[in-house]
Amino acid sequence: MKSPLLSLPGAVPAEGVDEDVAAHYGDLFREQRALAEGAGFVDLSHRGVVAVTGDDRLSWLHLLLTQHVSDLPTGEATEALILSANGHIEHALYLVDDGDTVWAHVEPGTQDALIAYLESMKFFYRVEVADRTAEFAVVHLPAGSIAEVPEDAVVRETPYGRDLFLPRSGLEVFAEKAGPPAGILAYEAFRVEQHRPRLGFETDHRTIPHELGWIGSAVHLQKGCYRGQETVARVQNLGKPPRRLVFLHLDGSEVHLPAAGTELRRADEGPDGRKIGFITTSARHHELGPVALALVKRNVPVDAPLVADSTAAAQEVVVEP
């Protein structure tokens, strides 16, 4: 849903799946610095909002998700995945239970497929699944924010800040009071710095959770009985994933950032060297300069200098080889 905050002064629409919110409001680095200081907010109102109600909501979701949620305390944030039968990532959910409802925000446009799957798995359980995207908007307050949270908002507290499920009718009033707006590019720069994968960015049709470091944060290893669990257990106990997520420091002398999908090669093999991975997300960070997340083959040495087209890149380990 196109955000009304795109009418704010300086707003420049983002691209791709984020096109319904602002990329920035005129000054990317100022917006990043404000967020780093705990000021302002990020409009994430284009994300899908799914609500699950009913007495069996937690025990039912526990059977379907990769995360242990049967005893999820009220107000405690968590994240979870839904996998294919072969263990490939299909959905990523960012969850909180308010005592009556499990609220989840998901990638823009993915809520219909998610709800269709959940509806197909209801059977005799006392649950109701609803798309609440038209009624609720997601906004993000950075860590340290002292912005007033509306009483009718559901809060999801994380180490990176608070996600609010805010009645969409109050979005513009909230924006007037919450401080300077920051665009999705500022939010993404911090996500890259924090090594946090994003569905559809760091994932493709064959991604498994181990490749992205989602074991633990989104996948609980002491539970079973969910689709794709056999693959998770087999890789965890008997092998290694074929690829691994890395954080890259990019050559700051280059004018252009390498786009998502840009092939990575070892610098010592020259421009005709073997492809060993690809950029998944690149960003300009107000302190670190140009940075990126990338997927590389597991056996690429952690100290190997890389190159993305003509841009030199140095690795930091996110997922151990």
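The values are calculated or read from the model by the stated rules, or taken from the named source; none is laboratory data. The model shown is predicted, which means the values in this text are computed figures rather than measured ones. In this analysis, Cβ positions are derived from the backbone assuming ideal geometry, glycine residues included, and neighbour counts consider all displayed protein chains. The area values use the complete protein model at the heavy-atom level, side chains included, leaving out ligands, DNA and RNA. Shrake-Rupley method; radii C 1.70, N 1.55, O 1.52, S 1.80 Å.
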Discussion item. Run the simple label-point estimate for E15 and V317 please: 7 Å along Cα→C-beta, distance reported in nm.
Written reply: 3.5
Worksheet, complete the sentence: Note on the chain: contact order normalised by length, alpha-carbon pairs under 8 Å, 6 or more apart, percent, works out to 18
Fill in: Share of alpha-carbon pairs per 10 Å distance bin for the range 52-115, given as whole %
21, 56, 21, 1
Response to the item:
Expressed in angstrom, Rg and Dmax over the Cα atoms of the range 126-266 are 19.2, 58
Discussion item. With a 1.4 Å probe and all protein chains kept in place, how do T53, T158 rank by accessible area, largest first?
Written reply: T53, T158
Worksheet item: With every protein chain kept in the model, how would you rank S282, S7 by accessible area, 1.4 Å probe, largest at the top?
Response: S7, S282
Practice prompt. Two decimals is fine: what is log10 I(q)/I(0) at q = 0.10, 0.12 Å⁻¹ for the range 1-157, from a Debye sum with one equal scatterer on every Cα and no solvent?
Written response: -0.41, -0.58
Discussion item. Nothing charged except the Cβ atoms of Lys and Arg (+1) and of Asp and Glu (-1): what's the magnitude of the dipole of the range 249-321 about its Cα centre? Round to the nearest 20 debye.
Written reply: 260
Discussion item. Just to check, using Stokes-Einstein with a Kirkwood Rh over alpha carbon pairs, what's the diffusion coefficient of the range 65-158 at 25 °C and 0.890 mPa s in µm²/s?
Written reply: 165
Worksheet item: Using only the Cα atoms of the range 206-315, what do you get for the radius of gyration and for Dmax, in Å?
Response: 15.9, 50
Worksheet entry | Max mean-square fluctuation residue, GNM over the chain, Cα-Cα springs under 10 Å, options H205, H68, H105 | H205
Worksheet, complete the sentence: Checked against the positive end of the charge dipole of the chain (+1 on Cβ of Lys and Arg, -1 on Cβ of Asp and Glu, about the Cα centre), the farthest of L141, T78, I276 is I276
Worksheet item: So how do R196, R234, R30 rank on accessible area, 1.4 Å probe, biggest first, that is with the largest at the start?
Response: R234, R30, R196
Worksheet item: Within the range 279-321, whose backbone N sits under 13 Å from a point 7 Å along Cα→Cβ of R33?
Response: 286-287
Worksheet item: Roughly how many Å is it from the Cα centre of the range 91-113 to that of the range 265-321, as a whole number?
Response: 32
Fill in: Cα→Cβ-extended label distance, 7 Å offset, between R298 and S169, nm
5.3
Worksheet entry | Among D97, D71, D204: highest mean-square fluctuation, GNM of the chain, C-alpha pairs under 10 Å | D71
Worksheet item: Just the Cα atoms of the range 1-46: what Rg and Dmax do they give in Å?
Response: 10.5, 29
Worksheet item: So between S7 and R274, what do we pick up on full extension, going 0.36 nm a residue minus the alpha carbon distance?
Response: 91.5 nm
Discussion item. Using just the Cα positions, wrap the chain in a convex hull and report its mean projected area in square nanometres, one decimal place.
Written reply: 16.2
Discussion item. Below 8 Å, C-alpha to C-alpha, sequence gap of six or more: please give me the relative contact order for the range 137-246 in percent.
Written reply: 18
Item to complete: Name the most mobile residue of V69, V307, V235, meaning the one with the largest mean-square fluctuation, in a Gaussian network model of the chain with Cα contacts below 10 Å.
Response: V235
Discussion item. Using only the alpha carbons of the range 203-246, what is the convex hull's orientation-averaged projected area in square nanometres?
Written reply: 3.3
Discussion item. Checking the a/c ratio against 1.5 first, then a/b against b/c, what shape does the Cα gyration tensor give for the range 267-321?
Written reply: oblate
